[in-house]
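First up is the structure itself, then whatever we jot down about it.
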């Protein structure tokens with residue numbers, strides 16, 4: 001009789017262990033899918049941004065036709081950024097180049113008061129700012145999901161399940177733009 005009890009205890013332990021592995025595996029799948037879904041949301045906003053840029057460039061061109069180098073830089077940066085990178089890190093680098101080119105475009109616009117007063121330019125600038133805000137919110141959501149997945153991949157005992165089934169750390173989508181990382185200067 002004691003052999004039967006030991007056998008049942010061992011069987012129960014194996015069942016609990018198997019159930020734990022299944023639950024852990026399913027959590028990894030959910031977290032991986034959440035990371036992918038949150039990346040797709042960023043991708044949607046990035047494409048919205050790419051669609052706004054040609055209209056913005058054309059509007060500025062109408063007022064500042066001699067700023068050809070700036071227009072070409074924005075167009076080239078948009079083309080590079082709109083081609084999907086191999087991952088979030090490469091995409092972030094391309095986005096940073098595009099942000100720099102857009103800053104140059106807005107610097108050109110500052111020199112033309114009639115352009116800044118143009119309703120079309122103001123509308124495009126507002127839409128771009130709203131899109132940038134949604135990209136930033138999407139980046140925060142994505143990075144939070146990446147953090148949760150990476151924590152599970154590295155934590156014991158879930159790290160055993162992760163390595164057994166090939167779950168890997170995900171890449172963060174980080175801003176490398178020095179203006180984003182620079183502390184604001186305050187003068188009184």
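A short reminder: the numbers here are calculations on the coordinates, not readings from a lab. Since the structure is predicted, the reported quantities are computational estimates derived from the model, not experimental observations. Reconstructed Cβ throughout: ideal geometry from the backbone, glycine too, with neighbour counts over all protein chains shown.
If you build a Gaussian network model of the chain, linking Cα atoms that sit under 10 Å apart, which residue out of 98, 56, 17 swings the most?
Among 98, 56, 17, the largest mean-square fluctuation in the Gaussian network model of the chain belongs to 17.
Treat each spin label as a single point 7 Å out from the Cα along the C-beta direction, and report the residue 27 to residue 66 distance in nm.
A separation of 6.5 nm, rounded to one decimal place.
I'd like the distance separating the alpha-carbon centroids of region 14-77 and region 119-134, in whole Å.
Centre-to-centre (Cα) distance: 18 Å.
Over region 33-181, what is the relative contact order in percent, taking alpha-carbon pairs closer than 8 angstrom and at least six residues apart?
Relative contact order for region 33-181 comes out at 34 percent.
Kirkwood Rh, Cα Rg: Rg to Rh for region 1-61?
That ratio is 1.64, to two decimals.
For a bin width of 10 Å, list the pair-distance distribution of the chain built from all Cα-Cα distances, rounded to whole %.
8, 26, 23, 16, 10, 7, 4, 2, 1, 0
Could you calculate the FRET efficiency of residue 165 with residue 4 from 1/(1 + (r/R0)^6), where r is the beta carbon distance between them and R0 is 41 Å, rounded to 0.05? It would help to have the intermediate numbers written out before the result.
Details: r = 34 Å, r/R0 = 0.83.
With R0 = 41 Å, the Cβ-Cβ based efficiency is 0.75.
When the helices in the chain are scored as -39500 (n - 2.57) per DSSP H run of 4 or longer and the sum is shared across all residues, what 222 nm value do you end up with, to the nearest 500 deg cm²/dmol?
The helix-only estimate for the chain comes to -28500 deg cm²/dmol at 222 nm.
Calculate the spin-label point distance for residue 117 paired with residue 16, positioning each point 7 Å from the Cα along the beta-carbon direction, and give it in nanometres.
7.8 nm
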